Amino acid sequence: MKGTWKYLITLCALATLLAASSAARITVPQSEIDAETARWTALGVKLPPGGIVIAHPYDPPYSNRSFVVPWSWFQRFYSVFLAKHEYPVRASALRADLPVLRLLMERAYSGYEPAKRRGWNFERWFANWDAMLRARRDQTLSIGSAFAPWGDFERFQLDNHSGVVGYQAFVSGSASAQLARAPVLPCTALLSAAGRIALHKSDLGQEPHSVVQWDGSAFSPAWYVSFPKRDWPVQTIECGGARIALRAVPTVSGLTQQPSYETLGDGIAYVRMANFSDAGDDQLRSVLSKASGLGKERLVVLDLRGNGGGSAPVDVLNNWAAQSAIDRASSFDSYETESCFVTALRFNLQMHLMRGLKAPLPAPELQFLQQSVNELAQPPNCEVRPVTTRGESPLRDHRFTVKNADPSTPRLVALVDSGCGSDCELMTKVVASLPNSVIAGSSTYGVMGFTRPGFFILPHSGVSFRLALGRADAYGDGRSVDGYGISVDVLLPDARSQSRESIAALALALVR
């Protein structure tokens, strides 16, 4: 009961702050409400009484339809941003928006509690941001200037699924660098020309990885570190008081964007998984259906390099592994919440996904949209309720051996690099959690720690913003993944080791 009262007091205080600081009450014109109703009705969706959008979506008391606005509001932002790669932000308007951002971060953002546990002071951060904007009065600012405090937060806790939609300056994929010699742990900092970058000693994602490297003909011990690419060039790492030189691991270019299946001899096959899209996935399935000897290979190289994600066709792994094993491998620890705020932001994501759809819709798509709308019509419950799911195969349990431990089944090798992100990382995780598998190359992009982005419009500035509504712990030990990626077993440290001939030789060595 005590916790409930604390929640109500906090919510009332935020609502008061929101009402007091708003430059003007936000009202959606009836014509725009009617236009949104017509758009959904034309697709065959049955709407609840009153439609989808309410007249005052930012006013308490809050409901499932709070913060849901017409799609045209998002389009206004995107039309300017895409044309200019920038968006003018009036300081006073963004200042009036800060209570909205604060409310939704506290009530819906999956990174809020982790940041607090690590010492981030949100109250002081918002106060400083407010003071900065107050000093700028009605000046027009760039996104980078207006949201500079968000950039500071991203330096503290990198989250590649949150922030101003489309603005990439504050987020980052990963880079990998090889250590010149074995480190004495713990490692405390990366050193670059720009200064010292502290490493969190309890974060295994930031520690150097002890692996084997393949030079094209033989294995040898190696150590490498991954870090946000925005910090490059990093020259040395500080471990146990000593500085160790770092050498960048390059990424290969010129990879085909077409799926393929090739036999390399000796029972080894090479499968190029170029991109995950509806068309690309269907093309991959078609290629595999025509492959001779499919499922009878000794080893299969799954080349995922440069695959930015989409919708991972995990089902294709059925050609080499049992469905029960794939199901276990696909699970991982996840942390989410449910509330009216999450329902609204999740629905705004559907607004993005449905753009461009035209009637008549296939039955599954129509059913999915109808279900999303039905959630809006449910009685609102704005109390934040944690939802935790436990996985069966955390990546921390993955074990690599050079020796082929089970010659009776095909050995899978996922070939990855910093261009492999999102659902490509999901595919990597699934392969890594299958018995006797290998991850080779360099660390993946790192965009699967914070998940399920929810969208909303900051009402006075008109900026489209998103917050991750979920958090995934693929390793099961809380290490950073966004901007650090999934680490590899076998490092391919240079262009020679990444060549087609080297990969074929690596596959032969692993199958033997």
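If one computes the Cα centroid of the range 460-487 and of the range 112-171, what distance in Å separates the two points? Centre-to-centre distance over Cα atoms comes out at 15 Å.
Counting only DSSP H runs of at least 4 residues, each contributing -39500 (n - 2.57), and dividing by the residue count of the chain, the helix-based mean residue ellipticity at 222 nm comes to -10500 deg cm²/dmol. Put +1 on the Cβ of each Lys and Arg and -1 on the Cβ of each Asp and Glu in the chain; which of Gly295, Ser461, Gln323 then has its Cα farthest toward the positive end of the dipole? So the residue furthest toward the plus end is Ser461. Summary of packing: across the peptides 315-321, 350-356, the per-residue average of other C-beta atoms within 10 Å ranks them, highest first, as 315-321, 350-356. Each Lys or Arg adds one and each Asp or Glu takes one away; over the other residues whose Cβ falls under 15 Å from the Cβ of Val89, this sums to +3. The range 307-354 and the range 43-99 have their alpha-carbon centroids 26 Å apart.
Per residue, the convex hull spanned by the Cα atoms of the range 139-179 measures out at 86 cubic angstrom. Each peptide among 115-128, 230-243 gets the average number of other Cβ atoms lying within 10 Å of its residues, and from highest to lowest they stand as 230-243, 115-128.
Distance from the alpha carbon centroid of the range 366-412 to that of the range 215-267 works out to 28 angstrom.
Could you work out Rg/(2.2 N^0.38 Å) for the range 377-512, with Rg from alpha carbons only? Ratio of Cα Rg to 2.2 N^0.38 Å: 1.36. With the charge dipole of the range 174-248 set up from +1 on Lys and Arg Cβ and -1 on Asp and Glu Cβ about the Cα centre, the Cα lying farthest toward the positive end among the listed residues Thr188, Leu204, Ala218 is that of Thr188.
Note on the range 174-248: the alpha carbon radius of gyration divided by the globular reference 2.2 N^0.38 Å gives 1.06.
With equal scatterers on the alpha carbons only and no solvent term, can you work out the Debye log10 of I(q)/I(0) for the chain at 0.05, 0.07, 0.08, 0.12 1/Å? The computed values of log10 I(q)/I(0) come out as -0.22, -0.44, -0.57, -1.17. For the chain, the longest principal axis of the C-alpha atoms and the axis of helix 340-353 are separated by about 70°. Remark: for residue pairs Lys201/Lys429; Lys229/Lys429; Lys229/Lys296; Lys46/Lys429; Lys296/Lys429, the C-alpha separation exceeds 30 Å in Lys229/Lys296; Lys46/Lys429.
Less than 12 Å Cβ to Cβ from Gln75, Lys/Arg counted +1 and Asp/Glu -1: what total charge do the surrounding residues give? Please report the intermediate quantities before stating the final value.
On the way: positive: Arg39, Arg76, Arg355; negative: Glu32, Glu36.
Around Gln75, the surrounding residues sum to +1.
Averaged over residues, the count of other Cβ atoms within 10 Å places the peptides 89-101, 323-335 in the sequence 89-101, 323-335, highest first.
Within straight-line reach of Lys358, meaning a Cα separation under 16 Å, sit the following aspartates and glutamates at least 8 residues removed in sequence or on another chain: Glu36.
Neighbours of Val438, meaning other residues whose beta-carbon lies under 9 angstrom from its beta-carbon, give a summed charge of 0 when Lys and Arg score +1 and Asp and Glu score -1.
Stokes-Einstein diffusion coefficient for the range 336-392 at 4 °C in a medium of 1.567 mPa s, Rh from the Kirkwood formula over Cα pairs: what value in µm²/s?
On the way: Rh = 13.0 Å.
D = 99 µm²/s.
Values in this text are rule-based calculations from the coordinates and carry no lab data. The structure displayed is predicted, hence computed values, not measured ones. As a convention, Cβ positions derive from the backbone with ideal geometry for all residues, glycine included, and neighbour counts pool all protein chains shown.
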